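Below is one structure, written out as structure tokens; the observations come after it.
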Amino acid sequence: MGTSDNDYLRRPIPLLAILLVTVAVHGPLVFMRLPAQSFDANFHIFIASHYAHHWFNPWNEKWFTGFSQTTYPPLTHQWIALFSNLVGLTYAYMVVQFIAILLLPVGVYRFARL
């Protein structure tokens, strides 16, 4: 007998199965726009709104005397700004949140395979 009864425990879970579970768990929450009601969502949408209107100007004058938006990592806000041209700011925030939710298990899976 070359194989044991526990061989299935040694095989990795397929990435597609992990992503399907991720979509099944987090998809309805994103569809209900639950992350848009978090304490920090309005700040991120505010910064993304500035990028949507003034892409090449990182100085935001809408808050007190202004501040540089480059002090915060800009990639997610720029993604929200890009998607906001298609679906609006709130739904763009949801799309970027969902992309991040899907990329997290992919990154953990690939790191675990090292």
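Brief remarks follow.
- log10 of Debye I(q)/I(0), alpha-carbon scatterers only, for the chain at 0.18 Å⁻¹: -0.95
- Using just its DSSP H runs of length 4 or more, each adding -39500 (n - 2.57), the chain gives a mean residue ellipticity at 222 nm of -20500 deg cm²/dmol after division by all residues.
- With all protein chains in place and a 1.4 Å probe, the accessible surface of the chain carries 68 percent carbon and sulfur.
- Kirkwood Rh (inverse of mean 1/r, distinct Cα pairs), segment 11-75, angstrom: 14.6 Å
- Under the combined filter of DSSP loop state and at most 15 neighbouring Cβ atoms within 10 Å, segment 15-97 retains these chymotrypsin sites (Phe, Trp or Tyr not before Pro): Phe39, Trp55, Phe56, Trp63, Phe64.
- Kyte-Doolittle mean at least 0.0, axial Cα span of 24 Å or more - DSSP H helices of the chain: 89-113
- FRET E, pair Gln37, Trp63, Förster distance 22 Å, beta-carbon r, rounded to 0.05: 0.55
The values are calculated or read from the model by the stated rules, or taken from the named source; none is laboratory data. The structure displayed is predicted, hence computed values, not measured ones. Cβ coordinates were reconstructed from backbone atoms using ideal geometry, including for glycine residues, and neighbour counts include every protein chain displayed. Ligands, DNA and RNA are stripped out before the accessible areas are found, and what is left, the full protein with its side chains, is counted by its heavy atoms. Shrake-Rupley method; radii C 1.70, N 1.55, O 1.52, S 1.80 Å.
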